[in-house]
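Undergrad: First the structure, then my questions, so here it is.
Where a number appears in this text, it was derived from the coordinates with a stated rule and is not lab data. Small disclaimer: the values here were computed from a predicted structure and weren't measured. Cβ: placed from backbone, ideal geometry, glycine included. Neighbour counts: every protein chain shown.
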Amino acid sequence: MFSDRATTPNDLLRQLLSRMAQADRTAFDSFYREMEKPVFRFLKSKLNDPFTCADLLHDVFLDVWRAAPGFDGRSSVKTWVFSIAYRKVVDFMRKNSRFTDEDSIPEQEDEGPAAVECIWKAEEADMLRACLETLKPDHRLAVEMTFYNDMSYKEIAEVTNVPEGTVKTRVFHAKSLLLRCLQQRMRAKVRE
Amino acid sequence: MTAQQHRATEELLPFWANGSLDDDERLEVERALKADENLSEQVAMLRLIRGAIQDSDDIQSPGEFGLARLHRALDRETAQPSVTRRTAAISALAAAVVGGLVVFGLEQGGQGNVYRQASTVIDQPMLTVAFSPDASEASIRDLLQRYSLSIVNGPSALGLYFLSFPEGTDTDELSRNLRAETTIIQSADKSG
């Protein structure tokens, strides 16, 4: 399906975009199949409503199709697509008065080695997933982009239009909050 | 290492764990890891979080159904270039709901599926299938990709979908193969 010259995931996506710019719908299908799940997951980490996310996903890919001829390659394709998705989310939240600044979360102490031991013992992945759900959207988004999409803090900063330091701080706090949540759940389990 | 340096290193750990740091930062973190056992424990914890997130790939995204919806929207947009995206999407949805719009895909000159109104004559055979209620989106997507199929319409009131397939396909064999996929397909028949 892809040319041998495409050696990285970004190369593959760039080739597909290039074909999409020529109105090649087969390329669009392949592009969608590569990016649909990560983008949907990205949307879902900001908005928990799957129907709204499906609508926004639809809009994102329509925009990608229309904007393909103008893609200039200054950022990676993934960063470009997520930037479009992020703008859709922000627009939706603003229209629905759900836009909040979530960076005003107070500084918290790191949990230290005891918490690390705790998570070592947390064999049930379900517990970790449940704790991920408790994170605020911006924290969950940062964690998802870091660990699901393996994006750099620079890429995340570009997508979410915040300083690089903010991204690092969000992931740092999210990690602390996850540990706290896990500790609470482990204690509750012991008491049962 | 000062407290400030320690914190800066901790903030880089998630990005070291996902392999996205540049060389300078990566070396800086690796030096710190050798010197501080607590940081190594944090890395283990971060890897656990990353593993859990990567494994939790169970989000139900629109998948192939979302792609079919996009094709319908693109086709309508092509037919009515002055219509806004939102209007086009709403119109497409409304039309589909009342059954006024049925689209079928036709392979054309290697440029992928092109759609047209169902009121026109169907000049290519299709397959009509019913998916198993327990079939996951991922399994449906995999099946469609394996056989180079595209959903071009559906679901009908009875839950049937119309699939297009590449020119020259042996439809009897394809039907048999699909019917053998008993965990995904309930029924598969030629139509058109």
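Undergrad: Between residue B:189 and residue B:136, how high is the FRET efficiency from 1/(1 + (r/R0)^6) when r is the Cβ-Cβ distance and R₀ = 25 Å? Nearest 0.05.
TA: Between residue B:189 and residue B:136 the formula returns 0.65.
Undergrad: Taking 7 Å along the Cα-to-C-beta vector as the label spot, tell me the residue B:170-residue A:66 distance in nanometres, rounded to one decimal.
TA: About 4.6 nm, to one decimal.
Undergrad: Using 1/(1 + (r/R0)^6) with R0 = 25 angstrom and r between the beta carbons of residue A:23 and residue B:54, what's the FRET efficiency to the nearest 0.05?
TA: The formula returns an efficiency of 0.10 here.
Undergrad: Compute for segment B:3-55: radius of gyration divided by Kirkwood radius, i.e. Rg/Rh, restricted to C-alpha atoms, rounded to two decimals.
TA: 0.97
Undergrad: When the Cα centres of segment A:131-192 and segment B:145-192 are compared, how far apart do they sit, in Å?
TA: 42
Undergrad: Please give the Cα centre distance for segment B:2-24 versus segment A:4-46, rounded to the nearest Å.
TA: What the calculation gives is 30 Å, centre to centre.
Undergrad: Strictly over 25 Å apart at the Cα level, which of A:44/A:175; A:95/A:168; A:37/B:190; A:136/B:34; A:44/A:168; A:46/A:154 would you flag in this model?
TA: Going by Cα-Cα distance, A:95/A:168; A:37/B:190; A:136/B:34 fall outside the 25 Å limit.
Undergrad: Here's something else I'd like to know. At 0.36 nm per residue, and after removing the present C-alpha to C-alpha distance, how many nm does the segment from residue B:145 to residue B:2 gain when stretched out fully?
TA: 46.0 nm
Undergrad: Calculate the dipole size of segment B:3-55 relative to its Cα centre from +1 charges on Lys and Arg beta carbons and -1 charges on Asp and Glu beta carbons; express the result in debye to the nearest 20.
TA: For this selection, approximately 160 debye.
Undergrad: Suppose the chain between residue A:74 and residue A:49 were pulled fully straight at 0.36 nm per residue; how much longer would it get relative to their current alpha carbon spacing?
TA: My answer for the length gained is 5.8 nm.
Undergrad: What is the extension gain from residue B:36 to residue B:78, computed as 0.36 nm multiplied by their sequence separation minus the C-alpha to C-alpha distance, in nm to one decimal?
TA: 9.1 nm
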